[in-house]
Amino acid sequence: MNTMMAAHPPKPADARGFTEDGIARYLADTESIDDLVAGGYLAGHDGRLIAQQLRAPQLRRAITHSVCHTVQPDVDNFYQEDGEPDADWQQRRARTVRDHCTACPVRAACAELALRDDDTVGVRGGLAPEKLTRRLVAETTRLERARALDGRTAEARRARIAAGAELQRLSGQYLGTSGKPEKRLENIENIREAARRRDELVAAYRHAAGWTVAA
């Protein structure tokens, strides 16, 4: 493990000059999403480019560090009330962005997750619905690709869970086995194979989700 990375992962001097591959390599060297959050790397322009490279599980992990999660403000602050004049809503929305979103260390992840979920109702990541909608239209191809990768990550997760359940089943079967040596040896071999398969699927899931070995 790179101890220097664990403390302060090197932030790109100017993420606007980074290629997607460059950001991907940077993320691969980062210890965990918690490190990105602690370093303030999921806010601002840099945060937007980095959030685009993350998979949905990572984005949801980041959201646990959001102002909304820790402070739990009134959710009505993020939506226009029925019959509320547009001018009043815009003023209230501006206050909400100032008081909650601007200070949020994961606002870029919040906005990216909203786009992945096609959720443009209310304020997300400091962006008003009209801005979210414009990005949704402008980034259609990128978002389709990101959702496809997220789907493969979900499939890998389901396979990993199924493999873990099979390992548990075989372990229970071994404990209930009679004293026949040949049967016990067969069960041991089955358990070893199931454990190997589970470990392979865990590694595949972590790779698909974008987690590093240390994460």
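The values are calculated or read from the model by the stated rules, or taken from the named source; none is laboratory data. Here the structure is a predicted model, which means the values were calculated and not measured. To get the accessible areas, we keep the full protein, side chains included, count just its heavy atoms, and leave off ligands, DNA and RNA. Shrake-Rupley method; radii C 1.70, N 1.55, O 1.52, S 1.80 Å.
Things worth noting here:
- A straight chain from residue 139 to residue 193 at 0.36 nm per residue would run longer than the Cα-Cα distance by 15.1 nm.
- In Å², nearest 10: area of residue 95 left accessible to a 1.4 Å probe: 110 Å²
- Three semi-axes describe the equivalent ellipsoid of the range 93-145; taken as square roots of 5 times the Cα gyration tensor eigenvalues and ordered largest first, they are 20, 11, 7 Å.
- At 1.306 mPa s and 10 °C, Stokes D of the range 28-133 from Kirkwood alpha-carbon radius, µm² per second: 113 µm²/s
- If you sort 110, 68 by accessible surface, 1.4 Å probe, largest first, the order is 68, 110.
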